[in-house]
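The values are calculated or read from the model by the stated rules, or taken from the named source; none is laboratory data. These numbers come from a predicted model, not from an experiment. Note that each Cβ is placed from the backbone with ideal geometry, even for glycine, and that neighbours are counted across all protein chains shown.
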Amino acid sequence: MPQAVIHGRQYGTGKRKRAIARVFLNSGSGTITVNGRTLADYFPRETSQMIVHQAFEIAEKPGQFDVEATVCGGGVAAQAEAVRHGIARALLVVDANLRPNLKKAGLLTRDSREKERKKPGQPGARKKFQFSKR
């Protein structure tokens, strides 16, 4: 994985479904900003906030880095997971020795599940129109 340090900050790209997150890490007090808003403001659900903090807890570095993330696309849950993926990748730039723990927790693997496209002549991806014999 290539080292990514941009303007003195560690960088990681996270993806999940259609959500893409650009994450920058600075050493600091642990503030997390997503699209210019605080974490609690952008992700009001506690589960989404836990997902974002997960990478730091596994790396045993909570509150050591300030996070600045830009997220677009997808839904709220997918955006939270994309930010987590980006944080995990950026933490590898900080310390490559964290790789086994992050890999074991599955935070470095890009979840490749995407929504299946709608097919012509059907109401959805798999669903068929009701068949009428008469």
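Give me the residue from segment 101-119 that is within 14 Å of residue 57 (Cα to Cα) and without any contact (Cβ under 8 Å) to a residue 12 or more places away in the chain and, out of that set, surrounded by the most Cβ atoms within 10 Å (Cβ to Cβ). Talk me through it step by step, then tell me what you get.
Filtering segment 101-119 down to residues within 14 Å of residue 57 (Cα to Cα) leaves 101-107.
Then drop every residue that is not without any contact (Cβ under 8 Å) to a residue 12 or more places away in the chain, which leaves 103-104, 106.
On the way: 103: 13, 104: 10, 106: 10.
Ranking the candidates gives 103 first.
Do you know which residues across segment 1-10 are under 22 Å from residue 73 (Cβ atoms) and either in contact with a helix residue (DSSP H, G or I) (Cβ under 6 Å, 6 or more places away or on another chain) or modelled with pLDDT of 95 or more (or both)?
Scanning segment 1-10 gives a single hit, 4.
Criterion first (of a type outside the set (A, V, I, L, M) and farther than 20 Å from residue 108 by Cα) does residue 65 satisfy it? Lay out the reasoning, then the answer.
Details: of a type outside the set (A, V, I, L, M): yes; farther than 20 Å from residue 108 by Cα: no.
No; evaluated as a whole, the condition is false for this residue.
Let me confirm something: among 81, 68, 46, which residue is among the acidic types (Asp, Glu), touching a helix residue (DSSP H, G or I) at 6+ places or on another chain (Cβ under 8 Å) and modelled with pLDDT of 90 or more? Steps first, please.
Numbers: 68 fails: touching a helix residue (DSSP H, G or I) at 6+ places or on another chain (Cβ under 8 Å); 46 fails: touching a helix residue (DSSP H, G or I) at 6+ places or on another chain (Cβ under 8 Å).
Exactly one of 81, 68, 46 is among the acidic types (Asp, Glu), touching a helix residue (DSSP H, G or I) at 6+ places or on another chain (Cβ under 8 Å) and modelled with pLDDT of 90 or more, namely 81.
Can you give me the number of residues within segment 2-17 that are in a loop (DSSP other than H, G, I, E, B) and closer than 12 Å to residue 80 by Cα? Working first, answer last.
From segment 2-17, those in a loop (DSSP other than H, G, I, E, B) are 2-4, 7-8, 17; that's our starting set.
Imposing the further condition that a residue be closer than 12 Å to residue 80 by Cα reduces the set to 17.
Going through segment 2-17 one residue at a time, the tally reaches 1.
So which residues in segment 54-75 are part of a helix (DSSP H, G or I) and either without any contact (Cβ under 8 Å) to a residue 24 or more places away in the chain or loosely packed, with under 15 Cβ neighbours inside 10 Å (or both)?
Within segment 54-75, the subset part of a helix (DSSP H, G or I) is 54-58.
57, the sole residue that qualifies.
Please go through segment 5-53 and pick out each residue that is closer than 21 Å to residue 98 by Cβ, touching a residue at least 60 places away in the same chain (Cβ under 8 Å) and surrounded by 16 or more Cβ atoms within 10 Å (Cβ to Cβ).
Scanning segment 5-53 gives 10, 11, 12, 14, 15, 16, 21, 22, 23, 24, 25.
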